[in-house]
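Taken together, the values in this text are just the output of simple stated rules run on the coordinates, not laboratory data. This is a predicted model, so every value here is computed, not measured. Positions of Cβ are generated from backbone atoms using ideal geometry, with glycine treated the same way; all protein chains shown enter the neighbour counts.
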Amino acid sequence: MWRIIKRLEIGGPLAAAVAALVGVGLLTRSEDIAQGVAQGLRISGQVLIPALFPFMALCSYIILTDAARILSIPLRPLTKYVFRLPPEHGAVALMSLVGGYPAGGKMISGLLEQGRLDTLTAERMLGFCYGPSPAFLITAVGAGMLFDRRAGIILFCAQMIAAVLVGFILSLKTPWPAGKPSGPRIKGGAGAFVSAVTSASSTMLNLCAFAVFFSGLLYLMKGSGAAEWLGTLLHLEPYFAGALIAGFFEVTSGGVYASGLGGERAILLISLFCSWGGLSSVFQVISFFGKTKLRLKIFFMGRILHVFFAAAISLILYRFFFADMPAMFIGVQPVMGQNGRSWLSALCFLAMITMLTMKPRHLDR
C-alpha cells in the first residue's frame, strides 16, 4: 500500500493534509485532546504498565538465556511442520499467543538484534506472532463487555486458530531457514536480569507514548463529529461508525463500542478489532524495529488474513454456542480498566507467572 502511495506521489500531500487537520484539531478542540491524553495516561498507569512491564522484562530475559530453547521443546512439531521455523523459536510463537500484542514483536526484535534470526524469517514471524492475550479476551471482553466468559473464550479460540492458520499460509513453500549461530548470550542470571529490566523500561516508555498519543487522537475524532460524517458517507448508523473509528485506533475502546451492538455484530466487530489490534498496538510493535530494515508488507498481509479467518471462526462458534447475546449498557467500562489493583488483576498476574513455570494457560495483556 505504501509503495502504491509513493508511486502515485501522493504520500507527501496526504501526510501534509493529515498533519494540517490534526493541527487544526489541536487549536480548536484542545479540551477533547486533553481528555484523551488524560485517559491515555490513566490506561498506561492502571493497565499497561502493571500488566505489560513484568511480561516485557520476562520476554527479554527468556531470549537472553537458555529459557527460550527449553520452552520451545514441547512445541517442536508445531514449530517445524506448521511454521517452518528453527525449533528454538517456538517460544516466540507461544509467548505471542498468551502475552498480548507487543510480546511477539519484542522477542522477534531481540532475536534479530542478537543475530539469532534472519530478516526474512523475522518478517514472516511478525505476520502471525501478534494478537490479544487470553486474559484480555476472556476477562475484559467476555466478562466485562459481553457479560459472558464463554464469549471471550470463543473469541480467544478464534484468534488462536486464525494465528496458526495465518502462520501456516505465510510459511507455505518456505525453505527451512539457514541455521545461524546463536548470538552472544549474557551468562548468569544477574546479568540477564539487569539487561531484561533495562530493556523493558525503555520498551514501556514507547508503549505508553503511543497509547497516550492515539487516545488523544481518538477523543479528537469523537469530538469532531467524525462518526456522523463516516456514517453519512458509508450509509451506516452513527453508533456503528463510531465503533469502527474507535476500533481502528484502539482495541479496548472499539470493543466497548462494539459490545453495545449485541449479537453477531458485536462478535464480528470485536473479532475484527482484535485481529487488527488498533493503530496504537500496530505502532507499538513497529517501534521495536526502528533500527532494522524490516519490511512490514507481510505483517499487514497477516492482519488481512487474520481478520477473515478470525471473523469466520468467531461467527461459526457463536452460532453454535449462543442463540443471541444481549446488548450491554453503553456506559459500562471494561472490567480490567476499572481498577488496576483489584483482586482479579492480581489473580491474573499470578496466573501469568504460574503458566510460565508450568503449563501455559492465561496471561495478562
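In terms of modelled amide H atoms, which long-range or inter-chain residues lie less than 5 Å from the amide H of residue 100?
Sorted by chain and number, the residues that satisfy this are 133.
In whole Hz, what ³J(HN,Hα) sequence does segment 126-133 give by Karplus (6.51, -1.76, 1.60; θ = phi - 60°), x for Gly and Pro?
Those phi angles translate into 5, x, 10, 8, 7, x, x, 7 Hz.
What FRET efficiency comes out for residue 197 versus residue 168 if R0 is 41 angstrom and r is the Cβ-Cβ distance? Round to the nearest 0.05.
Rounded to the nearest 0.05, the efficiency is 0.70.
Express the C-alpha Rg of segment 28-97 as a ratio against the empirical globular expectation 2.2 N^0.38 Å, rounded to two decimals.
1.69
Between beta-carbons, use under 12 Å as the cut-off and find the net charge around residue 36, counting Lys and Arg +1, Asp and Glu -1.
With Lys, Arg at +1 and Asp, Glu at -1, the net is 0.
If the limit is 27 Å between Cα atoms, which of 106/297; 222/297; 222/293; 222/291; 173/291 go over it?
222/297; 222/293; 222/291; 173/291
Taking a label point 7 Å from the Cα of residue 120 along the Cα→Cβ vector, which residues of segment 296-312 have an amide N closer than 12 Å to it?
none
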